[in-house]
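Take a look at the structure set out below.
No value in this document is a laboratory result; all are computed from the given coordinates. The shown structure was predicted, so the numbers you read here are calculated from the model rather than taken from an experiment. For neighbour counting, all protein chains shown are included, and Cβ atoms are generated from backbone atoms with ideal geometry for every residue, glycine included.
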Ligand SMILES: Cc1ncc(COP(=O)(O)O)c(C=O)c1O
C-alpha cells in the first residue's frame with residue numbers, strides 16, 4: 001500500500017477539503033486515515049468532517065485516537081468512523097501495553113471480504129474474532145494477555161465511569177484553561193491558537209534563550225515534573241505538556257506553572 005500524504009501547516013488542523021483534492025487527483029485511493037489529536041502540536045483534527053468525506057466517496061475512514069480517547073468528544077458510530085485505534089496509557093489512564101482497536105460494520109465487512117490475510121498472525125483481527133467466538137468461555141484471545149496491564153486498564157475505566165465522561169471532559173477544560181492562562185500571564189506563547197488545541201495537551205513555544213531540553217531538564221531535576229520536547233522541526237523550540245488521565249489535578253498544573261516561573265527567573269539571571 002502506498003500512502004498519499006495530505007499535508008498541512010503544523011499550526012493548523014487538517015483540512016477536509018485537502019482530502020477531497022487528494023481523492024480527485026488519485027482514483028486508486030481506498031481509504032482515509034487521520035489522527036484525531038495530533039500529539040506533536042496538541043491540535044484536534046476535524047475527524048467528523050474527514051469521515052464525511054470518506055463516506056461521500058464510499059471509502060473507509062480510519063482514525064488514530066491514541067491521544068484523544070476519553071480526553072475529548074469522539075463518537076465513532078455517529079461520526080461514521082470505520083476503524084478507530086487507541087492505547088491504554090493516555091486518556092484512558094491505564095499503563096502502556098494494550099492497543100485498543102474498534103471496528104465498525106463497514107470496516108469489518110472489508111476485513112472479512114478481503115482475499116489476502118494479514119501477514120502477521122498476531123495482527124489478524126479475524127483470528128482474534130475466532131478465539132472470542134470459539135474459546136470465549138475460557139481463553140477468548142489467541143495469545144496470553146498481559147494481565148497486570150489489563151487490570152490496570154480496568155481500574156482506570158472503572159474510575160472514569162464512576163466520575164463520568166462529561167465530568168472528566170469538564171475537568172480537563174478547567175485544567176487546560178488554568179494552565180494556558182497561567183502560561184500566557186508569564187509571557188509564554190502557545191504553539192497554536194488555543195481554540196484549536198485539545199484540552200489534554202499543550203504545546204508551548206520556548207522563551208527566547210532557552211531550549212526545550214533545558215526546560216525539561218530543569219523541571220525534572222528541580223521539581224520532579226516530566227514534560228517532553230517538541231517533535232521533528234520543533235524539537236528544540238517547543239515543549240509539550242500532557243495533562244490527561246484521572247490523576248491530574250489543579251495542584252499539578254500549579255506546580256508546573258511555579259516551576260516555569262522559576263525557570264523564567266533563572267533565564268533573567
Ligand atoms: C497520536 C498518536 N498515535 C500513535 C501513537 C503511538 O502509540 P504507542 O506508542 O502506544 O504505540 C502515539 C504515541 O505517542 C500518538 O500520540
Tally, over the stretch 216-231, of residues that are surrounded by 13 or more Cβ atoms within 10 Å (Cβ to Cβ) and either touching a helix residue (DSSP H, G or I) at 6+ places or on another chain (Cβ under 8 Å) or without any contact (Cβ under 8 Å) to a residue 24 or more places away in the chain (or both): 10
Residue that is nearest to residue 71 (Cα to Cα) [pool: residues in the stretch 88-126 that are within 16 Å of the ligand (Cβ to nearest atom) and part of a strand (DSSP E or B)]: 100
Residue list for the stretch 4-44, restricted to those being under 22 Å from residue 111 (Cα atoms), touching a residue at least 24 places away in the same chain (Cβ under 8 Å) and part of a loop (DSSP other than H, G, I, E, B): 4, 29, 30
Residue in the stretch 27-43 that is surrounded by fewer than 20 Cβ atoms within 10 Å (Cβ to Cβ), more than 11 Å from the ligand (Cβ to nearest atom) and within 16 Å of residue 73 (Cβ to Cβ) present: no
Single match in 47, 53 (criterion: within 16 Å of the ligand (Cβ to nearest atom), in contact (Cβ under 8 Å) with a residue 12 or more places away in the chain and in contact with a helix residue (DSSP H, G or I) (Cβ under 9 Å, 6 or more places away or on another chain)): 47
Residue within the stretch 11-24 that is within 16 Å of the ligand (Cβ to nearest atom) and either over 23 Å from residue 154 (Cα atoms) or more than 16 Å from the chain's Cα centre (by Cα) (or both) present: yes
Lone unmet requirement of (1) within 29 Å of residue 71 (Cα to Cα); (2) in contact with a helix residue (DSSP H, G or I) (Cβ under 8 Å, 6 or more places away or on another chain) for residue 129: (2)
Some residue of the stretch 200-215 being in contact (Cβ under 8 Å) with a residue 60 or more places away in the chain, within 18 Å of residue 268 (Cα to Cα) and not in a helix (DSSP H, G or I): yes
Tally, over the stretch 1-14, of residues that are crowded, with 17+ Cβ neighbours inside 10 Å and more than 20 Å from residue 234 (Cα to Cα): 0
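Quick check on this structure: which one of 159, 148 is over 22 Å from the mean Cα position of the chain (by Cα) and under 27 Å from residue 97 (Cα atoms)?
Every option except 148 fails the conditions.
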Residues of the stretch 56-86 that turn out to be within 11 Å of the ligand (Cβ to nearest atom), assigned to a strand (DSSP E or B) and under 22 Å from residue 164 (Cβ atoms), as a count: 1
